[in-house]
1. Which value in nm describes the separation of the simple spin-label points at V70 and Y48, placed 7 Å from the Cα toward the beta carbon?
2. Give the value in nm², to one decimal: projected area of the alpha carbon convex hull of the chain, averaged over all directions.
3. Assuming a strict under-29 Å limit between Cα atoms, what lysine pair count do you get for the range 3-113 once near-sequence pairs (fewer than 8 apart, same chain) are dropped?
Amino acid sequence: MRQDQYERLQALTEKLTDALIQEMDPETWPGAGILPASMDQQTRGDRYWCKKNAAATLTLIMKNTSLIDVARRQSAAGGGSAAVEEEETSLDAELRAAEKEAERCLKKIQAATR
């Protein structure tokens, strides 16, 4: 990831966090100060939509922060795709080991049923 992209992602996280703070304020939701039993269907639906919108914004922040963290770890570990390739290799090794173990168990079960 280029440095300018990294910086833009950080700035975007700050903007999203500002938006989240506004969206999470229950005083700004439709029907603020009204008991749910007293709300009409439209108001309840609008209120629910506001809550879902805040949750979606939080998800964007979390995913963006995760992406920033991955970029930070890659540049700290020598940068670029080398760190990703190394991680994929260890995952591939774990996958191969699990497949071998599953194959061994399957052969053992098949031998026992004969």
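Please treat every number below as a calculation from the coordinates, not as lab data. Just so it is clear, the structure is predicted and the values come from calculations on it, not from any experiment. Using ideal geometry, Cβ is built from the backbone for each residue, glycine included, and neighbour counts are taken over all protein chains shown.
1. About 3.3 nm, to one decimal.
2. Values: hull surface 54.8 nm².
Taking a quarter of the hull surface, the average projection is 13.7 nm².
3. Details: K15/K51; K15/K52; K15/K63; K51/K63; K52/K63; K100/K108.
Taking the Cα cut-off of 29 Å, the pair count is 6.
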